[in-house]
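Just so it is clear, none of the values below were taken in a lab; they were calculated from the coordinates. The model shown is predicted, which means the values in this text are computed figures rather than measured ones. Neighbour counts are summed over all protein chains in view; Cβ atoms, including those assigned to glycine, are modelled from backbone coordinates with ideal geometry.
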C-alpha cells in the first residue's frame, strides 16, 4: 500500500513539475509563448471546446475512422495470420511479399489513398487498415505457430475436428499474442486517421490541428494533441480490462 | 486374453529430417484387455512407438493396425490452460458432439477426489492433480485402448505410487492399456506383460515377460514380495545391458 502511494506521488510530482516548469518558463518569456503556448491556455482551450461541444463532431469522425480501420485491420490480420500460421508452405511462398509490403512507410500511401478513396473517411480507414493489419497479422501468425504441439495432439486424440482445433486450441492460444498487439494497433489506427485528416479532409481532429497550424495557433495544435492522447489512454484502458478478463487463466488467484 | 487390438508388424520408423532411425523391424502385439508395459533406456523410441499406435505418426516401413478408439495420456501437460478443470474433462464429449453431461464430468472428478476443483484453472493445481485431471479427461470418452507415455515420470515417488493405484482402480478390462516407462519396478507392479526394448537408435523388441502376479495387487507391498523380486532380477538382466549401452552413447 505504502509502495503504491509513493509511486503515485512520484508520478504526480513528475507531471505537475513538468507542467509548472512549462507554465513559468512561458509566462516569463524564457520560451516564446507564441511557439510553445502555455498549459493554462491549452487547458482553457480544451475546456472551451468541450463546453461548447464543437470538438465532439471532429472527435467522432476521427474515432469512427480509427474504429473502422481497427476492426477491419484486426479481422484481416487475424484471418491471414491464422491461414498462414497453419500452412507452412503458403507462409514460405508469400513471405517476401509480406516483407516488401510491410517495408513501405505507411505515410507515403496517404496521398494515393486520398486519390483513390477521396477526401471522406474511407481514405483514412484504408490508411489505418494498412498499419493495423501488419501488427495484428505478425502477432497472430506467431501465436498460432507458438502453440504447444502436445495440446494439438491431445485435442486430436480427443476427437477434435480442424474447426474445433481452431476454436478451442489455436485461437485461445494466439489470443495472448493478439492482445499484446491490440494496444499498439489502437494507437496506430488513431495516428493513421489523424495523418489522413491532416493531409486532406474537412472534419476530424487532424483537420482541427491542421487548421490551427495554418493560422499559427500553437494553443489549438496542443489542445488537439491533448484531446487525442486522452482518448488513446481511455481506449487503451478498455482494452486492458478486456484482456484481463479474457486472459484470466494466466494469473488466476492461488488455491486456498 | 482376446485378440490383438494393437499390432505392429515389422515396423521401422526413420525421421528423414534428422536422419535418425528410432525403431527398426519392431513387432509387438497387445491383446485385448491386457495391461502391457514397454520398458527401455531413455531415447529408445518408446514415445515414437506410442505415436505410431495413436496414428499421430506413420511408419516408414511395416504395418500398424489398431482396432478401437484410442486415448493417449501424454508425458507432457496437455490440459488446455485457458479452460477450467471441468471444461477440460468434458472436452472429449464436446469434440465428439455428444450430449455434454456436466454431472458425468463431476462423477469422474469425484473418482479422483477433485470435484471441489472443478472451477479452477490447471495452473492452480499441483502436478499430481493435473495428472489426475488428464487421466479423467481421457477416461470419460471410454477409449478401448489407453496409451500412456511415462505418465507419472515427473511426480515425486509417493504421489507416483498413489497415482499408480488410482490408475489400476480406474482401469476396467476389456479396456487395453499400453504403458511406456523407463522404470522397471513400475512396469512389473502394474502390468500383465513387460516388453523390453533395446537401446536406440534402431530399437526393437528384445524380450517379453508375462507377469503372473495375482490381481488385485497391493502396490504398497508388492515390491518386497519374492515373486516380484524374482521377476525383477530376470528382466533387469536383459534391460541392464541396454541401459549400459545407452549410457555409453551419452558419454
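Scanning for something within 12 Å of chain A (Cβ to nearest Cβ), over 22 Å from residue B:68 (Cα atoms) and surrounded by fewer than 20 Cβ atoms within 10 Å (Cβ to Cβ), does the range B:130-145 turn up at least one residue?
Looking for residues that are within 12 Å of chain A (Cβ to nearest Cβ), over 22 Å from residue B:68 (Cα atoms) and surrounded by fewer than 20 Cβ atoms within 10 Å (Cβ to Cβ), one finds none in the range B:130-145, hence no.
Restricting attention to the range A:160-175, report how many residues are at the interface with chain B (Cβ under 8 Å from one of its Cβ atoms) and more than 25 Å from residue A:102 (Cβ to Cβ).
6
Go through the range A:25-76 and report how many residues are surrounded by 13 or more Cβ atoms within 10 Å (Cβ to Cβ) and not in a helix (DSSP H, G or I).
3
Kindly provide the set of residues from the range A:140-154 that are facing chain B (nearest Cβ under 8 Å) and closer than 18 Å to residue B:70 by Cα, ordered by number. Let's see the steps before the verdict.
In the first step, residues of the range A:140-154 are kept if they are facing chain B (nearest Cβ under 8 Å); the result is A:148, A:150-151, A:153-154.
Correct list: A:150, A:151, A:153, A:154.
For the range B:85-106, which residues satisfy the criterion of being out of contact with any helix residue (DSSP H, G or I) (no Cβ under 8 Å at 6 or more places or on another chain) and either closer than 17 Å to residue B:143 by Cα or exposed (fewer than 14 other Cβ atoms within 10 Å of the Cβ) (or both)? Steps first, answer last, please.
Let us first name the residues in the range B:85-106 that are out of contact with any helix residue (DSSP H, G or I) (no Cβ under 8 Å at 6 or more places or on another chain), namely B:87, B:96-98, B:103.
If the condition is that a residue be out of contact with any helix residue (DSSP H, G or I) (no Cβ under 8 Å at 6 or more places or on another chain) and either closer than 17 Å to residue B:143 by Cα or exposed (fewer than 14 other Cβ atoms within 10 Å of the Cβ) (or both), then B:96, B:97, B:98, B:103 are the ones that fit.
Which residue, of A:205, A:186, A:157, A:178, is touching a strand residue (DSSP E or B) at 6+ places or on another chain (Cβ under 8 Å) and either within 14 Å of chain B (Cβ to nearest Cβ) or more than 29 Å from residue B:95 (Cα to Cα) (or both)?
After ruling out the rest, the residue left standing is A:157.
Given (1) assigned to a helix (DSSP H, G or I); (2) within 14 Å of chain A (Cβ to nearest Cβ); (3) under 21 Å from residue B:35 (Cα atoms), where does residue B:116 come up short, assuming only one miss?
(3)
For the range B:111-124, how many residues meet the condition of being surrounded by 13 or more Cβ atoms within 10 Å (Cβ to Cβ), touching a residue at least 12 places away in the same chain (Cβ under 8 Å) and under 15 Å from residue B:84 (Cα atoms)?
Number of matching residues: 7.
Suppose we filter the range B:13-32 for residues that are free of Cβ contacts under 8 Å to residues at least 60 places away in the same chain and on the phi < 0 side of the Ramachandran plot; how many remain?
Within the range B:13-32, the first condition is being free of Cβ contacts under 8 Å to residues at least 60 places away in the same chain, and the residues that meet it are B:13-19, B:29.
Among the residues that remain, those that are also on the phi < 0 side of the Ramachandran plot are: B:13-18, B:29.
Summing the residues that are free of Cβ contacts under 8 Å to residues at least 60 places away in the same chain and on the phi < 0 side of the Ramachandran plot in the range B:13-32 gives 7.
Residues that are out of contact with any helix residue (DSSP H, G or I) (no Cβ under 9 Å at 6 or more places or on another chain): list the helices (runs of 4 or more DSSP H) wholly contained in the range A:165-256 that include at least 3 such residues. Steps first, please.
On the way: elements: A:171-199, A:205-214, A:218-246.
Per the criteria, A:218-246.
Tell me which residues, restricted to the range A:172-196, are closer than 30 Å to residue B:142 by Cβ and touching a residue at least 12 places away in the same chain (Cβ under 8 Å). Talk me through it step by step, then tell me what you get.
Here is the first cut: in the range A:172-196, the residues closer than 30 Å to residue B:142 by Cβ are A:172-173.
Selection gives A:173 alone.
Please find, within the range A:215-239, the residue that is nearest to the other protein chains (Cβ to nearest Cβ) out of those that are closer than 25 Å to residue A:64 by Cα and surrounded by fewer than 13 Cβ atoms within 10 Å (Cβ to Cβ).
A:238
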